[in-house]
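As structure tokens, the structure follows; a few thoughts come after it.
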Amino acid sequence: MIRKARNLPLEQLVCLDSQRRIEILSENVVRVVFTGGMEEEPSAAVTGAAETVPGLNVRLENGRLRIQTGRLQILADETFHIDFFTADGRPLSEEYRKMRIPPYREPSSAEEFASWEGHEQPVSRENANWRFQCVRKLYDNDCIYGLGDKTGFLNKRGYAYEMWNTDNADPHEDNFRALYKSMPFFTVLGDAGAYGIFFDNHRRTFFDMGKENDGYYAFGSDEGVLDYYFIYGPTLPEILERYTALTGRMPLPPLWALGYHQSRWGYETEDEIRSIAETMRSCRVPCDCIHFDIDYMDHFKVFTWNQERYRDGKKLLADLKQDGFKAVAIIDPGVKAQPGYRVFDEGETNGYFAATPSGETYVNAVWPGDAAFPDFGNPDVRAWWGDQHRFLINMGIDGVWDDMNEPASFHGPLPDEIVFSDEERRVTHAEIHNIYGHNMTRSTYEGWKRLSGKRPFVLTRACYCGSQRYTAAWTGDNHSIWSHLRLGVVQLCNLGLSGMAFCGTDVGGFGSDTTPELLTRWVQVGCFSPFFRNHSAKGTKNQEPWRFGEPTLTINRKYVELRYRWIPYLYDQFRLASLKGWPVMRPLAFHYPSDPEARQINDAFLLGENVLVSPVLEQGARKKLVYLPEGVWYDYWTGAREEGSRWLVREAPLDVCPVYIRSGTILPTWPVRQWIDPALETELVLEVFGPNASCVHYQDGGERFDYENGAFNLYRFRTDERGTVSTERENCGCEPYRTVTTGRIVL
Ligand code: GLC
């Protein structure tokens, strides 16, 4: 059955035969499908519809099909090789038509070497020909970004990856092929502009981004069909806008979720949580949220409370609330397989768990021991699971942390043949694996919204394209090692370029012991990351901001306070993510695509368009080599004016993270508070950098969906040559600021 795009006018559907077709979704977006005779599967990601394309021209020319949209020219030959050109004929992306050239290897040397070392040689799919694939040319200057949370550097050129959601506790290294998330979407930034490719196949898929050979990249799979979207830019912001029009955008999160979160696996008792909260306040490190890891549950049974160690949960949570803290509780998909336990019994009775081919509930092990896996692809299961969150809401919990949803399992991976649902179809684990986490977050988000009427906060480890509609994401179990601080910067940039604007790492590192210096430098990155949570594993050194005494505490406080002052600026970036799908944390290439230096920067990023953060990522370093792209920039700390398009060396003692503000910026700020309370924010303070500056600032109640009906304020601030501010109100839908004043003016 053909599953064509929604609303696709018939004249925009070009079928070459029953297996091959091109759908023109808009002037800039084209879908290519080759079924190879296989059944087409529904997309978990795509929610967008086609637009009409006026002036579309489709004709046959010397045996080739030529399609012109006004923005793109598409040529498809008789073998269904497809080339994309700009409207004026410059090649954007051409199919690679020659023989693939695998790298030369000494025959069998790899196996021999591995056996000397005593290792088993893993079966590698490197250089393999998959059942179907698309092989496209790489031009000299092409850089590749995206692909979710993959390891390596920002530019994915030269790496090979696999999309198979994987929980691997080993320290994540550059040669890892798969991690928790499957986001088969990437962008290629080349000389003729940028384009994106979204390979919408949630089976196990493979990506060779020029590792086999620098002259081409390839993506393919042994399962499902070849179904990809070519998304023309020419700029990265336009691609993100179009990609998220297709796969959905992040709804605005509750404002408190932008604050600092404190977490640790191993807060074993109520008293421990209380003492964390108290110390946070007595040390005056602002904090909005405490995370409850699996310790709060009764024997790791989801939707239960450990009354022995966490006693009266309602009282605890009410007291925390009094002191300005929200609470997020972890929920794992694995339901303890124990008759008599309500959640298990309900799931069993209704057939809501994944089953063996012979129809029994499939059991593997996770934290609670034997566990069954809810079948989130089934809409009834999603509704049922969503309803379970009533337990957390009644306790006083404010958000959910969906973990272990690759799904992870302790007694070996789930076998391929385990039976799940994909909406109305019965499917195997192999088919559903990569969207298991996606469907879990969907169930959580929808349930929470239904039950509370508030903006849900959901955090996930596993996801697929489109999960931004339901959840924020973190990068899973990193370690307290410097290479993971560096890796986190590029992972977050690439997650942002994959549509996941709300993302963060475990600040300080999860596994292994952190050090005061590493924690300090990590907080300097974390406070500028979209999601800012310090989290660590049981058994490692505690790493709350005060654990190492001074100067660590003071420096932690300085950066967390900066975060709180900048919440209005940050929230403006979240609004852009919800309107256009733009990342909050962006690689320099996002705004400086034709700058060859900017395209390759791994150790700096932009927060929104106007703030450049170039953190120190090396132990012992007290200077940072900073690249400033074109234009004029102001050193945030000293106000020094710097010309861009050059490298400079910035002194960076332990308490300094180099930050630069683009000339022409107005930064909206709030006074420092210990937690976010939109009702208290009656004063906006504008910091002005450079002459003729401007900003559009958004304000709302921060908790509900009333903004969708206009309950928000939109201000446009401008300054003249001397920094004098003028204000226009573009929308007046809620209580405005009582005062708007100008703080710092740097000219
Ligand atoms: C997983 C999560 C981690 C959590 C732990 C215990 O390893 O990734 O964040 O602390 O489980 O729940």
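The values are calculated or read from the model by the stated rules, or taken from the named source; none is laboratory data. This one's a predicted model, so the numbers in the text were calculated from it and none came from an experiment. Ideal geometry is used to build each Cβ from the backbone, glycine not excepted, and the neighbour counts take in all protein chains shown.
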Task: Failed condition for residue 550, given (1) in contact (Cβ under 8 Å) with a residue 12 or more places away in the chain; (2) surrounded by fewer than 24 Cβ atoms within 10 Å (Cβ to Cβ); (3) farther than 18 Å from residue 486 by Cβ - done: (1)
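Return the residue satisfying two criteria in turn: it lies in region 13-48 and is of a type in the set (Asp, Glu) and loosely packed, with under 14 Cβ neighbours inside 10 Å, and of such residues it is nearest to residue 198 (Cα to Cα). Please lay out each step first, then the result.
Of region 13-48, the ones of a type in the set (Asp, Glu) are 17, 23, 27, 39-41.
With the extra rule that they be loosely packed, with under 14 Cβ neighbours inside 10 Å, the set shrinks to 17, 39.
On the way: 17: 23, 39: 19 Å.
Restricting to residues being of a type in the set (Asp, Glu) and loosely packed, with under 14 Cβ neighbours inside 10 Å, the top hit is 39.
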TODO: Restrict the check to region 554-562 and report whether at least one residue is closer than 18 Å to residue 328 by Cβ and either at pLDDT 95 or above or surrounded by fewer than 24 Cβ atoms within 10 Å (Cβ to Cβ) (or both).
DONE: yes
- [ ] Output the residues belonging to region 165-211 that are among the hydroxyl-bearing types (Ser, Thr, Tyr) and away from the ligand (no atom under 16 Å from the Cβ).
- [x] 182, 187, 195, 205
- [ ] For residue 51, work out the one condition from (1) touching a strand residue (DSSP E or B) at 6+ places or on another chain (Cβ under 8 Å); (2) crowded, with 17+ Cβ neighbours inside 10 Å it doesn't fulfil.
- [x] (1)
- [ ] Sort out which residues of region 447-498 are more than 15 Å from the chain's Cα centre (by Cα), among the aliphatic types (A, V, I, L, M) and surrounded by 23 or more Cβ atoms within 10 Å (Cβ to Cβ), and write them in order of number.
- [x] 485
Task: Of the criteria (1) in contact with a strand residue (DSSP E or B) (Cβ under 8 Å, 6 or more places away or on another chain); (2) in a loop (DSSP other than H, G, I, E, B), which one residue 721 fails - done: (1)
Open item on the list: Tell me which strands (runs of 3 or more DSSP E) are completely within region 403-506 and hold 2 or more residues being within 16 Å of the ligand (Cβ to nearest atom) and free of Cβ contacts under 8 Å to residues at least 60 places away in the same chain, or say none if there are none.
Closed with: 458-460
Task: The one condition in (1) surrounded by 23 or more Cβ atoms within 10 Å (Cβ to Cβ); (2) at pLDDT below 95 that residue 213 fails to fulfil - done: (1)
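Scanning for something among the basic types (Lys, Arg), within 21 Å of residue 221 (Cβ to Cβ), in contact with a strand residue (DSSP E or B) (Cβ under 9 Å, 6 or more places away or on another chain) and at pLDDT 55 or above, does region 123-130 turn up at least one residue? Write out each step before concluding.
Initial filter on region 123-130 (among the basic types (Lys, Arg)): 125.
After this cut, where a residue has to be within 21 Å of residue 221 (Cβ to Cβ) as well, the list is 125.
When the remaining residues are screened for being in contact with a strand residue (DSSP E or B) (Cβ under 9 Å, 6 or more places away or on another chain), the result is 125.
Remaining after also requiring at pLDDT 55 or above: none.
Taking every residue of region 123-130 in turn, none turns out to be among the basic types (Lys, Arg), within 21 Å of residue 221 (Cβ to Cβ), in contact with a strand residue (DSSP E or B) (Cβ under 9 Å, 6 or more places away or on another chain) and at pLDDT 55 or above.
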- [ ] Consider residue 291 carefully, then state whether it is surrounded by fewer than 17 Cβ atoms within 10 Å (Cβ to Cβ) and within 14 Å of the ligand (Cβ to nearest atom).
- [x] no
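Out of 450, 425, 442, I need the residue that is closer than 19 Å to residue 224 by Cβ and of a type in the set (Lys, Arg). Which one?
Numbers: 450 fails: closer than 19 Å to residue 224 by Cβ; 442 fails: closer than 19 Å to residue 224 by Cβ.
After applying the criteria, what remains is 425.
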- [ ] Could you tell me whether region 259-268 includes any residue that is at pLDDT 95 or above, more than 16 Å from the ligand (Cβ to nearest atom) and either outside any strand (DSSP E or B) or in contact with a helix residue (DSSP H, G or I) (Cβ under 9 Å, 6 or more places away or on another chain) (or both)?
- [x] yes
TODO: For residue 324, indicate whether it is part of a loop (DSSP other than H, G, I, E, B), out of contact with any strand residue (DSSP E or B) (no Cβ under 6 Å at 6 or more places or on another chain), within 16 Å of the ligand (Cβ to nearest atom) and in contact (Cβ under 8 Å) with a residue 60 or more places away in the chain.
DONE: no
TODO: Could you check residue 400 against (1) buried (at least 22 other Cβ atoms within 10 Å of the Cβ); (2) assigned to a loop (DSSP other than H, G, I, E, B) and say which number it fails?
DONE: (2)
Open item on the list: Six or more apart or on different chains, Cβ atoms under 8 Å: show the pairs whose first residue is in region 165-194 and closer than 19 Å to residue 489 by Cα and whose second is among the charged types (D, E, K, R) and more than 16 Å from the ligand (Cβ to nearest atom).
Closed with: 176/150; 177/162; 178/162; 179/150; 186/156
Task: Qualifying residues in region 348-368 (those that are in contact (Cβ under 8 Å) with a residue 40 or more places away in the chain and not in a loop (DSSP other than H, G, I, E, B)) - the one surrounded by the most Cβ atoms within 10 Å (Cβ to Cβ) - done: 366
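Of all the strands (runs of 3 or more DSSP E) wholly in region 567-681, which have at least 3 residues that are of a type in the set (A, V, I, L, M)?
On the way: elements: 605-607, 611-613, 623-628, 632-635, 641-643, 646-651, 659-662, 665-669.
In region 567-681, 611-613, 623-628 are the strands (runs of 3 or more DSSP E) which contain 3 or more residues that are of a type in the set (A, V, I, L, M).
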- [ ] Starting from region 259-276, take each residue that is within 17 Å of residue 546 (Cα to Cα) and list its partners that are among the polar types (S, T, N, Q) and outside any helix (DSSP H, G or I), counting only C-beta distances under 6 angstrom and pairs at least six apart or across chains.
- [x] 262/534; 264/536
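How many residues, within region 316-344, are over 18 Å from residue 305 (Cβ atoms) and more than 30 Å from the chain's Cα centre (by Cα)?
4
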Task: Given (1) at pLDDT 95 or above; (2) buried (at least 19 other Cβ atoms within 10 Å of the Cβ), index of the condition residue 685 fails - done: (2)
- [ ] Name every residue in region 507-530 that is surrounded by fewer than 24 Cβ atoms within 10 Å (Cβ to Cβ) and within 16 Å of the ligand (Cβ to nearest atom), in order of residue number.
- [x] 511, 512, 513
TODO: State which residue pairs qualify: first residue on the phi > 0 side of the Ramachandran plot and inside region 616-644, second residue part of a strand (DSSP E or B) and surrounded by fewer than 20 Cβ atoms within 10 Å (Cβ to Cβ) in any location, beta carbons under 7 Å apart, and separation of 6 or more residues or different chains.
DONE: 639/746
Task: Residues (among the acidic types (Asp, Glu) and either closer than 30 Å to residue 635 by Cα or over 32 Å from the mean Cα position of the chain (by Cα) (or both)) located in region 698-734 - done: 720, 721, 728
- [ ] With the condition kept exactly as written, say whether any residue in region 304-314 is acidic (Asp, Glu), buried (at least 20 other Cβ atoms within 10 Å of the Cβ) and either more than 24 Å from residue 526 (Cβ to Cβ) or out of contact with any strand residue (DSSP E or B) (no Cβ under 6 Å at 6 or more places or on another chain) (or both).
- [x] no
Task: Residue count for region 311-321, restricted to those that are free of Cβ contacts under 8 Å to residues at least 40 places away in the same chain and either in contact with a Lys or Arg (Cβ under 8 Å, 6 or more places away or on another chain) or hydroxyl-bearing (Ser, Thr, Tyr) (or both) - done: 0
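Scan region 531-549 residue by residue and report those that are more than 19 Å from residue 288 (Cβ to Cβ), small (Gly, Ala, Ser) and within 13 Å of the ligand (Cβ to nearest atom).
537, 539, listed by residue number.
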